[in-house]
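Following: one structure in structure tokens, then a few remarks.
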């Protein structure tokens, strides 16, 4: 089975712009979680989607949003980018209900200038 | 609120040494994960534990649910083991996002 894929792998944006990141989970997995990694805060949970529904959300401002499609692919969007949004964004897929396993993608490195 | 503490934060050891990294969490969980991240690299999931002990090659992970504590051991350490090791705890089925420790920076010198 192919692993979790994320696109793009690297991205440079300017303050005030918006960005959309994509995550394709492992085939058959129905849950996708998103995480942000920064040098100062470490890894933090953004949100989790299961069957196109957001089930849980971390403590991030409304500029961070996401969605999941019927094929389980997920996107996250960050609007009005700030310098502090520069980070590695990771997604992880899970089979879904009753499974604790999470499989991480390679991440998207976002730089905001 | 679940809090995850790792120790040590930094560890430098000689090749061949036995390595132990500890992780404590504050609330009952469904699973604990050990992750590895090489410099500039993505995250690789090493173990997911809900009880007992697991072994993959030279890596061993244990968990004590009653004491809310887990350890990651590396036997016969090698320079390629140099990485950041992160423990993360969370609920089942992805309903609760993972809470991460700050990571242990491990350097194995030849």
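The numbers here are math on the coordinates, done by the rules we state, and not lab data. All of these numbers come straight from a predicted model, not from anything done at the bench. Backbone-built Cβ (ideal geometry, glycine too); neighbour counts: all protein chains shown.
What the table shows:
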read-out	value
All Cα pairs of segment B:37-93, percent lying beyond 16 Å	49 percent
Computed label-point distance, nm, for sites residue B:44 and residue A:17 using a 7 Å Cα→Cβ extension	3.3 nm
Separation of the residue B:30 and residue B:5 label points, Cα + 7 Å toward Cβ, nm	2.7 nm
10 Å Cβ neighbours from other chains, averaged over peptide B:35-47	4
Inter-chain shielding of B:63-75 (mean C-beta neighbours from other protein chains, 10 Å cut-off)	0
Alpha-carbon gyration tensor eigenvalues x 5, square-rooted, for chain B, Å	23, 14, 12
FRET efficiency estimate (nearest 0.05) - Cβ-Cβ, residue A:86 to residue B:53, R0 45 angstrom	0.70
Two-site FRET efficiency, residue B:18 against residue A:63, from Cβ-Cβ distance with R₀ of 45 Å, rounded to 0.05	0.45
Neighbouring partner chain Cβ atoms per residue of A:100-107, average, 10 Å criterion	6
Burial order of peptide ranges A:62-74, B:75-87, B:23-35 (average beta-carbon count within 10 Å, highest first)	B:23-35, B:75-87, A:62-74
